[in-house]
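Comments concern the structure below.
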Amino acid sequence: QVQLVESGGGLVQPGGSLRLSCAASGIIFSIQTMGWYRQGPGKQRELVARISSSLNTNYADSVRGRFTISRDNAKKSVYLQMNALKPDDTAVYYCNVNRGQTGYWGQGTQVTVSS
């Protein structure tokens, strides 16, 4: 059974930083591409960043240069370091993995950027 558990969200002031974590189980983590998505108030869920098994990364234009995705295969975890946060980054952030035709999601972690 695939499980993804996110943590690390919270309230932060504009310009601040947060680090999100996602712990995975039920998958062969080292071979999977892992992704972070987010869904802001009244918005559709969107890709934030993705990291492949060979450590290739891609980012949404809106976060490139501010966010960094990384992974630790030994801990079966993927991380999202978020710097220079803006109010527009306010959203529920979700961890994602696709296995075959099925997408798996965590429960999400709320990030609120506000003064």
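The values are calculated or read from the model by the stated rules, or taken from the named source; none is laboratory data. This structure is a prediction, so every number in the text was calculated from the model and none was measured. When the accessible area is computed, the model is the full protein with side chains, heavy atoms only, and any ligands, DNA or RNA have been set aside. Shrake-Rupley method; radii C 1.70, N 1.55, O 1.52, S 1.80 Å.
What the table shows:
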read-out	value
Residue 21 accessible area, assembled protein chains, probe 1.4 Å, Å²	30 Å²
Values of log10 I(q)/I(0), in the order q = 0.12, 0.19 Å⁻¹, for the chain under a Debye, Cα-only, solvent-free model	-0.38, -0.94
Heavy-atom SASA rank of 46, 6 (probe 1.4 Å, accessible area, largest first)	46, 6
Accessible-area value, residue 33, 1.4 Å probe, nucleic acids and ligands omitted, Å²	60 Å²
For residue 27, solvent-accessible area (1.4 Å; no DNA, RNA or ligand), Å²	10 Å²
Radius ratio Rg over Rh of the range 16-68, counting only Cα atoms, Kirkwood formula for Rh	0.99
Kirkwood-type radius of the range 68-115, with distances r between different C-alpha atoms, in Å	12.6 Å
